[in-house]
Amino acid sequence: MEGWRGAWYVPCLASLETLQELCRKENLRCNSIGITNRSLKSYEVEYLCDYKVEEGTEYYLVKWKGWPESSNTWEPQKNLKCPLLLQNFLSDKNEYLSRVREGKALKVRNHVKALNPVVADYIVKKAKQRIALQRWKEELNRKKNHKAMILVENTVDLEGPPLDFYYINEYKPAPGINVINGITTGCECTDCPAEKCCPKEAGFILAYNKRKKLKIQPGLPIYECNSFCRCGPDCPNRIVQKGTPYSLCIFRTNNGRGWGVKTLQKIKTNSFVMEYVGEVITSEEAERRGQLYDNQGNTYLFDLDYDSDEFTVDAARYGNVSHFVNHSCDPNLQVFNVFIDNLDLRLPRIALFSTRTIKAGEELTFDYQMKGSIDLTSDSADGLSPSRKRIRTVCKCGAVCCRGYLN
């Protein structure tokens, strides 16, 4: 037996603060997570839980970072050196009171002013949500492979990060599916595009102009230079492979559409915005999963039907920012099929390009029925792949030209 040499190591999903809380609760020392004899006496405010006034002095109930909730203590405001947390506390309190139209704090016996327990409970939930979303944002930015930032925002409800979603940067193929077909040749250009550049070798024109903006019509494929091409990273035919160039924000929508994505920067017309990635599965498996997703009201299946309908991308559990992009019947993003290191026509990469100028702060959307230059409406249901012949989902995009259904 090799013993520990053959062991698997699984990363811990608990946060550092949670591990510290467990150690302190059990009176354990662990130098690797900062629980030492010295640090057992260290205190830092994580968030504020409650408020009261006793004998003219204002007190806040403090949750200490890295300590269990059983260690919460009431502290006079003059001792607290956390202006941002105080601001968050007051903001959350006023937000809740404005929603339920409660005018002021309740008065209790002994002339003690205190928050309604319902209000205090909301403030704690909001504080925990804020921390969870911050950790999620940090996780997303650790895992992404592009320079642009990903932000997270929820000013609508108490929903936290999705529990069963894992960020990936490229396709995650199911067993038996090869998304890299072993290409071993590339163009010999030193200054693309030349006569023998990748698009022309494939029988198509270069997809981008000199300003690196898309110049081809929807429905035509994009052939980018690959890892075997002689051209360097600044080649004008390397756009999608560089990843999202814009800082984006995953935000909670206020009209029941769950999470959405908005851009934090202005995006010009015909610009690459992001790829749609997820698990690559067979169409048969997509049919099985589709029945489950319909019951949950989710839509994450994207048929790879550029040349055939053998495979589907499922972004339900594995995906990138595109997982959170909502549908619109009047979208500002268009789907294009891209081939780089895999020239298998059954397995194109899916890229989303802007159809018009998109202002900073505007939500990004694409048409879930969009197939290159073909717009599949409800009247063409007979032509859909098996994974699309399912229960119809009501559309909430709000566009003037809304078709009424997502599928």
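Return one whole number: the accessible area per residue of segment 91-225 in Å², for a 1.4 Å probe. Intermediate results must be reported in sequence, preceding the final value.
On the way: 8560 Å² over 135 residues.
I get 63 Å² per residue for segment 91-225.
Under a 5 Å amide H cut-off, with hydrogens placed 1.01 Å from N, Phe311 pairs with Ser283, Leu304 among residues at least 5 apart or on other chains. Ligands, DNA and RNA excluded, the heavy atoms of Tyr122 present near 20 Å² of accessible surface to a 1.4 Å solvent probe. Multiplying the residue separation of Lys143 and Ser71 by 0.36 nm and subtracting their alpha-carbon distance yields 22.5 nm.
How much FRET efficiency would the formula 1/(1 + (r/R0)^6) give for Leu343 and Glu58, where r is the Cβ-Cβ distance and R0 is 56 Å, rounded to 0.05? Walk me through the numbers on the way to the answer.
On the way: r = 68 Å, r/R0 = 1.22.
Once the sixth-power term is evaluated, E becomes 0.25.
Backbone phi angles across segment 258-270, fed through the Karplus curve with coefficients 6.51, -1.76 and 1.60 (θ = phi - 60°), yield HN-Hα couplings of x, 7, x, 10, 10, 8, 9, 10, 5, 10, 7, 4, 6 Hz in residue order; Gly and Pro are listed as x.
Under the combined filter of DSSP loop state and at most 12 neighbouring Cβ atoms within 10 Å, segment 63-95 retains none of its chymotrypsin sites (Phe, Trp or Tyr not before Pro).
Using the per-residue mean of other Cβ atoms lying within 10 Å as a proxy for protection, in what order, highest first, do the peptides 46-57, 358-369 fall?
Values: 46-57: 16.4, 358-369: 18.7.
Ranked from most to least packed, the peptides come out as 358-369, 46-57.
Pairs from the list Lys172/Lys210; Lys213/Lys396; Lys65/Lys137; Lys93/Lys128 with a Cα-Cα gap above 22 Å: Lys172/Lys210; Lys213/Lys396. For the residue pairs Lys196/Lys262; Lys200/Lys262; Lys126/Lys262, the C-alpha atoms sit more than 31 angstrom apart in Lys196/Lys262; Lys200/Lys262. The string of couplings for segment 182-195 from the Karplus curve (6.51, -1.76, 1.60, θ = phi - 60°) is x, 4, 10, 10, x, 6, 9, 5, 9, 9, 5, x, 10, 4 Hz, one whole number per residue in order, with x for Gly and Pro. Taking amide H positions as modeled 1.01 Å from N, with prolines and chain starts lacking one, no residue 5 or more places away or on another chain lies under 5 Å from Phe204.
Amide H to amide H distances under 5 Å link Cys49 with Leu61, Val62, Lys63, where only residues 5 or more positions off or on other chains count and H is placed in the peptide plane. Residue by residue, segment 80-89 carries 3J(HN,Hα) couplings of 8, 10, 9, x, 5, 5, 5, 5, 4, 4 Hz when phi is fed to the Karplus relation 6.51 cos²θ - 1.76 cosθ + 1.60 (θ = phi - 60°); x denotes Gly or Pro.
The values are calculated or read from the model by the stated rules, or taken from the named source; none is laboratory data. Computed from a predicted model, the values in this text were never measured in an experiment. Cβ: placed from backbone, ideal geometry, glycine included. Neighbour counts: every protein chain shown. Ligands, DNA and RNA are stripped out before the accessible areas are found, and what is left, the full protein with its side chains, is counted by its heavy atoms. Shrake-Rupley method; radii C 1.70, N 1.55, O 1.52, S 1.80 Å.
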